[in-house]
Amino acid sequence: MTLKLWTLPPFAMVLGALGVLLAKYEELPARYPVHWGISGKADRWVEKGVGVVLAPALIGLGVLALLAFNAWQVQKSARGGAKSAWWMVGLEWAVGLLFCVVVLLPVLPPMGQGMTLAMILGPTVIVVAVAIGVSKESWQAPAAGPECWKWGVFYYNPADPDIMVPKRTGLGYTLNFGHRASWWILAALAGVLALPMLMMR
């Protein structure tokens with residue numbers, strides 16, 4: 001199975017969770033929970049609405065799309081990012097599982113504090129592991145000349161076909177701001193971040 005195919009199951013997981021939630025839409029409480037405390041109990045509610053119910057799944061799908069796109073771009077990079085791309089796919093699966101739980105929280109039995117901590121610490125451990133793996137893989141990647149690094153931080157090279165490039169320090173990857181697609185990625189990220197506020201108004 002190719003890397004692109006491995007990026008698809010997390011989308012199916014989140015969509016499946018959303019399907020379960022929508023099937024129970026009429027049974028969902030009018031006072032709809034949208035936040036859970038460290039104790040595992042809901043501590044914030046809003047009036048139920050389609051936007052409120054859909055928001056977690058749509059946010060999750062947006063995050064997964066960005067992670068999958070980054071993995072594809074790193075894999076096809078001319079700078080040897082194949083193994084780093086697989087680390088990113090692993091992160092995408094972890095995020096997909098996390099959002100499955102988040103989407104289903106309103107219909108799941110109340111969780112205890114231990115389960116809540118596991119949900120917080122689990123993805124954190126995976127993110128750290130992925131960061132270490134990507135860093136090791138990109139450490140030996142050839143860096144571009146200093147003239148391509150604006151203020152020593154932002155990579156800008158319109159002649160470079162890669163969207164994702166190794167950071168100047170060698171730790172992970174960053175966007176090539178000279179590539180038009182990078183600005184679309186930033187716009188998509190801003191949209192994902194703004195979605196909760198727009199849908200829960």
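No value in this document is a laboratory result; all are computed from the given coordinates. Remember, it's a predicted structure, so these values are computed and weren't measured experimentally. Reconstructed Cβ throughout: ideal geometry from the backbone, glycine too, with neighbour counts over all protein chains shown.
The peptide list 6-15, 159-168, put in order of mean Cβ contacts within 10 Å with the highest first, becomes 159-168, 6-15. One decimal place: the segment Arg168-Ala129 gains 12.0 nm when fully extended, by the rule 0.36 nm per residue minus the C-alpha distance. Measuring from a point 7 Å past the Cα of Leu15 along Cα-to-C-beta, which residues in region 46-60 have an amide N at less than 20 Å? From region 46-60, the list is 51, 53-60.
Straight-line cross-link partners of Lys76 among the lysines, defined as a Cα under 19 Å from its Cα and at least 8 positions apart when in the same chain: Lys4, Lys136, Lys167.
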